[in-house]
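One structure is given below, encoded as structure tokens.
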Amino acid sequence: MQAISPAPYAAVKVTGVKDDASSSGQQKVPADGTVLHQLLQVDATDQAGSPVSLSYALTLKSRAGRWEVSSVDDAPAIRASSTPSAAPHTTPTPGAVTATPSPSPSSS
């Protein structure tokens, strides 16, 4: 891979990292092939000195006792346990009129 030239940012500072690990700050070396998803928050300064906030969704994979970026993703991965319920909760708007269907005329 060739670096982008000229570099788009004069300075970059990582401001936050969130991942899907069960225990944050895990110290033991992961087994090869272990996958971790991260959302990286970055504050950058462009060449004109303007601040830019960036987010990167990354998939990391362990190999030989270290984490390597496996892919830069389009969006953060969603945990299976965070699926929404089947019936969303709705709160009625105060003063809203609720229509009640009228009974249909019976044909006798």
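The values are calculated or read from the model by the stated rules, or taken from the named source; none is laboratory data. Remember, predicted model here, so these are calculated numbers, not experimental data. Here the Cβ positions follow ideal geometry from the backbone for every residue, glycine too, while neighbour counts run over all protein chains shown. Remember, those area values only see protein heavy atoms, side chains included, never the ligands or the DNA or RNA. Shrake-Rupley method; radii C 1.70, N 1.55, O 1.52, S 1.80 Å.
Determine, yes or no, whether residue 74 is at pLDDT below 95, among the charged types (D, E, K, R) and surrounded by 12 or more Cβ atoms within 10 Å (Cβ to Cβ).
Values: at pLDDT below 95: yes; among the charged types (D, E, K, R): yes; surrounded by 12 or more Cβ atoms within 10 Å (Cβ to Cβ): no.
It is false that residue 74 is at pLDDT below 95, among the charged types (D, E, K, R) and surrounded by 12 or more Cβ atoms within 10 Å (Cβ to Cβ).
Just to be sure I understand, how many residues within the stretch 55-78 are out of contact with any Asp or Glu (no Cβ under 8 Å at 6 or more places or on another chain) and part of a strand (DSSP E or B)? Show your work before the answer.
Here is the first cut: in the stretch 55-78, the residues out of contact with any Asp or Glu (no Cβ under 8 Å at 6 or more places or on another chain) are 55-56, 65-76, 78.
From what is left, the residues that are part of a strand (DSSP E or B) are 55-56, 66-73.
Of the residues in the stretch 55-78, 10 are out of contact with any Asp or Glu (no Cβ under 8 Å at 6 or more places or on another chain) and part of a strand (DSSP E or B).
If residue 88 satisfies every condition in (1) open to solvent by 100 Å² or more (accessible area, probe 1.4 Å); (2) of a type outside the set (A, V, I, L, M); (3) modelled with pLDDT of 90 or more; (4) in a loop (DSSP other than H, G, I, E, B) but one, which is the exception?
Condition (3) is where residue 88 drops out.
Any residue that is among the polar types (S, T, N, Q), within 22 Å of residue 73 (Cβ to Cβ) and open to solvent by 80 Å² or more (accessible area, probe 1.4 Å) - is there at least one of those in the stretch 28-46?
Initial filter on the stretch 28-46 (among the polar types (S, T, N, Q)): 34, 38, 41, 45.
After this cut, where a residue has to be within 22 Å of residue 73 (Cβ to Cβ) as well, the list is 34, 38, 41.
With the extra rule that they be open to solvent by 80 Å² or more (accessible area, probe 1.4 Å), the set shrinks to none.
There is no residue in the stretch 28-46 that is among the polar types (S, T, N, Q), within 22 Å of residue 73 (Cβ to Cβ) and open to solvent by 80 Å² or more (accessible area, probe 1.4 Å).
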